[in-house]
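These notes are about the structure you will find just below.
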Amino acid sequence: MLEILGEATGLESTFLTSIDLDRGIQVTRYALNDGALTIPEGMSVPWEDTLCKRALDDGQMYTDDVPGKWGDSAAARALGIKTYLSTPIRKADGQLLGTLCACSASRKPLQPGTEELLHLFSNLVGIFIQREQLVEDLRVANQRLTSYALTDALTGLPNRRALYDELERLLARGRRSNSSVMVGMLDLDGFKSINDTYGHQAGDLFLQEIARRLVGGIRSSDMVGRMGGDEFLFVGPGPDLDDGKTDVHLARGDAASAAQAVLLVQNRLIESTAGQYKILANDIDYGGASAGVVAIDPRELTAEAAVRLADRRMYEIKRVRKEGEEVR
């Protein structure tokens with residue numbers, strides 16, 4: 001398009017600019033130079049100093065006497081522009097997007113049909129830019145919708161759907177690499193008491209702080225999210241499998257390494273939730289969630305079965321903790 005414009009106008013440089021009125025700058029996006037005058041691509045100049053603004057303000061798209069007409073433009077003086085031709089590029093609602101321009105270091109007459117051609121090209125560019133912006137807006141909107149669909153609104157953590165998607169991905173990878181997958185269920189012991197004592201707003205803030213601490217206590221390869229209420233789910237890659245051994249949680253796996261990895265993750269999850277919480281000027285001393293973690297053979301269990309196994313393990317831990325408290 002710039003080549004056609006250059007041939008039609010006989011001017012040395014043709015270029016396309018974008019205009020950011022909020023920042024007050026004009027940027028040359030594309031330029032084609034064929035002569036002594038060079039308009040560099042990427043050149044950024046203050047909008048107030050441009051010939052484009054002067055042409056728009058004066059309603060004059062062409063002059064072969066830039067020094068006499070707009071000699072106050074420092075950018076034009078620096079570039080040595082004498083002949084200038086431009087037209088605005090606008091959206092359908094009239095919003096200014098940029099300009100389509102041509103210029104020369106010598107005085108050149110305006111060729112017949114040039115104005116019509118320039119207007120045609122500017123309309124085409126405006127339509128193209130609007131289409132690209134629409135595509136980008138749709139992409140961003142789709143990303144937001146996807147994020148909303150996979151994110152727990154209260155805590156910002158992955159929700160149940162996102163957790164199961166990640167677990168399915170880990171199971172598939174585990175089958176390919178002959179490695180286990182770790183799944184952990186967490187339940188916030190005493191959460192109902194916090195809600196009843198301090199109110200639901202405090203309960204929501206407590207859940208948000210629990211989420212923050214859980215994220216800070218896992219590996220970059222792991223994921224923790226909220227299943228709903230006061231239940232959270234952990235998923236992550238586990239130790240490699242060894243087909244020569246068998247374990248109830250890690251079918252045909254290395255029971256020793258699996259048990260060690262499970263205990264490490266389980267303790268880390270419990271410890272990350274335990275401690276002091278400052279909620280609405282209240283100091284809450286929380287003993288930590290009950291967490292049950294299992295390492296499973298992805299060839300033996302589905303995602304649903306793995307979560308159920310972790311849930312049973314969590315209730316075993318909860319029962320043991322409760323019995324310990326009763327003994328004390």
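The values are calculated or read from the model by the stated rules, or taken from the named source; none is laboratory data. Everything quoted here is computed from the prediction, not taken from an experiment. Every residue, glycine as well, gets a Cβ built from its backbone with ideal geometry; the counts of neighbours run over all protein chains shown. Heads up: the accessible areas ignore ligands, DNA and RNA and are worked out on the full protein's heavy atoms, side chains in. Shrake-Rupley method; radii C 1.70, N 1.55, O 1.52, S 1.80 Å.
Remarks
- Residue list for region 28-56, restricted to those being surrounded by 17 or more Cβ atoms within 10 Å (Cβ to Cβ) and of a type in the set (Val, Ile, Thr): THR28, ILE39, VAL45, THR50
- Yes/no for LEU110 being open to solvent by 30 Å² or more (accessible area, probe 1.4 Å), in contact with a strand residue (DSSP E or B) (Cβ under 7 Å, 6 or more places away or on another chain) and within 24 Å of PHE128 (Cβ to Cβ): no
- Evaluating ARG173 against the criteria (1) under 16 Å from ASP297 (Cα atoms); (2) surrounded by 14 or more Cβ atoms within 10 Å (Cβ to Cβ) leaves one unmet condition, (2).
- Condition check for SER122: open to solvent by 60 Å² or more (accessible area, probe 1.4 Å), of a type in the set (Ser, Thr, Tyr) and assigned to a helix (DSSP H, G or I): no
- Residue check: ASP242 meets all listed conditions (1) in a strand (DSSP E or B); (2) at pLDDT below 95 but one, namely (1).
- Some residue of region 60-81 being under 26 Å from ILE127 (Cβ atoms) and of a type in the set (Gly, Ala, Ser): no
- Condition met for ALA55 (part of a helix (DSSP H, G or I) and small (Gly, Ala, Ser)): yes
- Residue within region 143-150 that is open to solvent by less than 80 Å² (accessible area, probe 1.4 Å), in contact (Cβ under 8 Å) with a residue 24 or more places away in the chain and hydrophobic (A, V, I, L, M, F, W, C) present: no
- Condition met for ARG219 (touching a residue at least 40 places away in the same chain (Cβ under 8 Å) and surrounded by fewer than 20 Cβ atoms within 10 Å (Cβ to Cβ)): no
- Considered as a group, the residues in region 270-328 that are part of a loop (DSSP other than H, G, I, E, B) and touching a Phe, Trp or Tyr at 6+ places or on another chain (Cβ under 8 Å) include one that is most open to solvent (accessible area, probe 1.4 Å), and that residue is LEU280.
- All positions within region 188-206 that are open to solvent by less than 50 Å² (accessible area, probe 1.4 Å) and either in contact with a helix residue (DSSP H, G or I) (Cβ under 6 Å, 6 or more places away or on another chain) or over 17 Å from LEU154 (Cα atoms) (or both): ASP189, GLY190, ILE194, ASN195, GLY203, PHE206
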